[in-house]
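What follows is one structure encoded as C-alpha cells, with my remarks underneath.
The values are calculated or read from the model by the stated rules, or taken from the named source; none is laboratory data. Owing to the predicted nature of the structure, the values given are computational and were not obtained by experimental measurement. As a convention, Cβ positions derive from the backbone with ideal geometry for all residues, glycine included, and neighbour counts pool all protein chains shown.
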Amino acid sequence: MKSRWFVKIAAIVCAVCLALGVMSQTVFTRADAIDETAYVAEQPEATFVVLGEASPAPTAADNRMSVPLYVMGEQAGVCAVIDGEPYMGVADFCQALGLDAQIVDNGMGVSLAMDKLMLLAQTDQNYLMCNGRYLYLEHGVRLVDGAVALPMEQLVRCMGLTAYWDRAKWTIDLDSVDVDPIAEGTAYYNEADVYWLSRLIFAMAADEPMDAKIAVGDVCVNRLGDERFAGQSNIYEVVFAKNQFEVVTTGMIYVEPDEASVIAAKLALEGYDLTNGAAYVAQNDMGAGFEQVASVGDLQFYSADA
C-alpha cells in the first residue's frame, strides 16, 4: 500500500546578520504551484571573456599570483589569482570603478548595497547571492589581505559589466563602468520549478553537501530538452515521470525542503552542471548500459549508453 508523508515544517525567515556570518533565503512553500511553461535556460546577463592561451598560467615556477585590472584603458587596481581564477576584494572592486556603494565586510562575510543591487557572500559558502539570484563559485569565497574577495567573473556578472581577461598579455580590462545589475530572482526563477526541484533535492540528498544537492538538481535540468526524455518540458514533468524517482512513490517528494535545498535548486536552474551532463543519479552502481560520469558526495551520477 502506498503511503505519503505530509510533513509541515514552519518556514523560517532569517535576517541577514554578517556579524554572525549568516546569509538567509526564505523557503518557498506554495503547495499548488504547477506551471506548465517549458523551462528555457537563460544566458548570463554579462560576459567574462577569456582571451589567449591558458598557459602561461600561474604556477609556482611562474610566480604570477596577481593580474592588473584596467578600467577603460587605465590601470585601476590589482586582482589576486587564486587557483587560476582572478579574485578581487569587493570594496577594492567598487573603489576601482568609482561606484557609490555601502559595503560591510567583517572578514567572514560581505554585503554590498547600491542602486538596484544587493549582494551577500560568506567565506564558508561556495556561492553568492545577488538580487535574489544564486551564483556558484567553483573556488568559493576567499580572503585577500583580510578582506572578502569574489571571482571577477561573478562580480562583473552581478553588475552587468563586460570584462576581458587576456592571459597572454596578463591583464583584465573592463570596457565600461555603466552598471546594469543582474535580473532579480523573482523575475528569473520559475516558482514551480524551484518548488518541485527543491523537494526532489531534499528527498534525495538531505544529508549531502551542497555540491551533491546541486548535482541532484542538475540531473533534472539535464533531462530537459533531451530527446530521450521527450514530453518532459518542465521540472514537474521530469520529477513525476513514471518510474523515475523512488521518492515520488514513497511520498518523500511532498516533504517541505530546507533552505539549503531551495538554494541548491536555484543554483542548478542557473545552469551550473557539476555532473558532466548526467541524467541519472544513484547511491550504487547502476550496472550495464550506464556510464558513471561523476561522483559527488555519496552519490553517483550516470549517463546512458547511446
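Things worth noting here:
- Going through (1) in contact (Cβ under 8 Å) with a residue 60 or more places away in the chain; (2) under 17 Å from VAL110 (Cβ atoms); (3) not charged (D, E, K, R) one by one, VAL148 falls short only on (1).
- Taking each residue of region 205-223 that is touching a residue at least 40 places away in the same chain (Cβ under 8 Å) and looking for partners that are surrounded by 24 or more Cβ atoms within 10 Å (Cβ to Cβ) and basic (Lys, Arg) with beta-carbon atoms closer than 9 Å, six or more apart or interchain, yields ALA205/LYS213; ALA206/LYS213; GLY217/LYS266.
- In this structure, SER24 qualifies as within 25 Å of the chain's Cα centre (by Cα) and either at pLDDT 95 or above or hydroxyl-bearing (Ser, Thr, Tyr) (or both).
- Listing of helices (runs of 4 or more DSSP H) fully contained in region 204-306 that carry 1 or more residues being within 20 Å of the chain's Cα centre (by Cα): 210-223, 235-239, 259-269
- Check on VAL247, modelled with pLDDT under 95, under 19 Å from VAL296 (Cβ atoms) and touching a Leu at 6+ places or on another chain (Cβ under 8 Å): no
- Residue identified as out of contact with any Ser or Thr (no Cβ under 6 Å at 6 or more places or on another chain) and among the hydrophobic types (A, V, I, L, M, F, W, C) among VAL262, VAL281, VAL293: VAL281
- One residue from VAL247, VAL281, VAL262 being surrounded by fewer than 22 Cβ atoms within 10 Å (Cβ to Cβ), outside the structural domain of TYR70 (by TED's automatic domain parsing) and among the aliphatic types (A, V, I, L, M): VAL247
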